[in-house]
Amino acid sequence: VISSMTVTDARMKVIDFSEELFSGPTALVFKKGAGVTADPATLKGKKVGYEQGTIQEAYAKAVLDKAGVTTQAYANQDQVYADLTSGRLDAAVQDMLQAELGFLKSPAGAGFEVSKPINDPLLPAKTAIGISKGNKDLKTLLDKGIKALHDDGKYAEIQKKHFGDMNLYSGK
């Protein structure tokens, strides 16, 4: 699976992962000046949306709901943005890179900002390739390829071309 798959403990029980492809932290998106931070206490009494089936859903249910936040699930991120821009949501909890590189650069996202990354065990940032459990040969091959991209500078070149000075690799 090569589709921004975050490495989680639950997923590691059923599949293996390559070495890290990139780091994709989670953050909150909200109207500029709303006084929201990555601290769930700043969201008490507010309504926060998230995309179903994501690590953000697990965080919303386990952390935000318990912190007095009203959470709302959506089938896709575009629906979250629609309710965020219309004012039906106070914030969205989502992939930070998706917000920064997409929504915030769009006309609809002009009046919004993103929090610092949320630091929580339910929101790992490491993203890798999902591999069938036990397929050591494929894992070795993929890890070798990822290492070669870093060793010869190609990864840094691609990152610079598409993301400027943003560092997407934690190296962990």
*Would you pick out the residues in the range 69-84 that are out of contact with any Phe, Trp or Tyr (no Cβ under 9 Å at 6 or more places or on another chain) and open to solvent by 40 Å² or more (accessible area, probe 1.4 Å)?*
Thr70, Ala75, Asn76, Asp78, Gln79
*For the range 111-145, which residues satisfy the criterion of being in a loop (DSSP other than H, G, I, E, B) and either modelled with pLDDT of 95 or more or surrounded by 14 or more Cβ atoms within 10 Å (Cβ to Cβ) (or both)?*
Gly111, Ser115, Pro117, Ile118, Asp120, Leu122, Leu123, Pro124, Ala125, Lys133, Gly134, Asn135
*Which is touching a residue at least 60 places away in the same chain (Cβ under 8 Å) and under 25 Å from Gly45 (Cα atoms), of Ala82, Ala128, Ala91?*
Ala91
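For every residue, the table says whether it meets (1) of a type outside the set (Phe, Trp, Tyr); (2) within 17 Å of Asp39 (Cβ to Cβ); (3) surrounded by 15 or more Cβ atoms within 10 Å (Cβ to Cβ).
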{"residue": "Val63", "(1), (2), (3)": "yes, yes, yes"}
{"residue": "Ser86", "(1), (2), (3)": "yes, no, no"}
{"residue": "Ala92", "(1), (2), (3)": "yes, yes, yes"}
{"residue": "Gln98", "(1), (2), (3)": "yes, no, yes"}
{"residue": "Phe103", "(1), (2), (3)": "no, no, yes"}
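Conditions (1) among the aromatic types (Phe, Trp, Tyr); (2) open to solvent by less than 70 Å² (accessible area, probe 1.4 Å); (3) touching a residue at least 40 places away in the same chain (Cβ under 8 Å), marked per residue:
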{"position": "Ile2", "(1), (2), (3)": "no, no, yes"}
{"position": "Val7", "(1), (2), (3)": "no, yes, yes"}
{"position": "Arg11", "(1), (2), (3)": "no, yes, yes"}
{"position": "Ser18", "(1), (2), (3)": "no, yes, yes"}
{"position": "Ala27", "(1), (2), (3)": "no, yes, yes"}
{"position": "Lys32", "(1), (2), (3)": "no, no, yes"}
{"position": "Ala38", "(1), (2), (3)": "no, yes, yes"}
{"position": "Thr42", "(1), (2), (3)": "no, yes, no"}
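The values are calculated or read from the model by the stated rules, or taken from the named source; none is laboratory data. Predicted model only: the values in this text are computed from it and were never measured. Positions of Cβ are generated from backbone atoms using ideal geometry, with glycine treated the same way; all protein chains shown enter the neighbour counts. Keep in mind that these areas ignore ligands, DNA and RNA; they rest on the heavy atoms of the full protein, side chains included. Shrake-Rupley method; radii C 1.70, N 1.55, O 1.52, S 1.80 Å.
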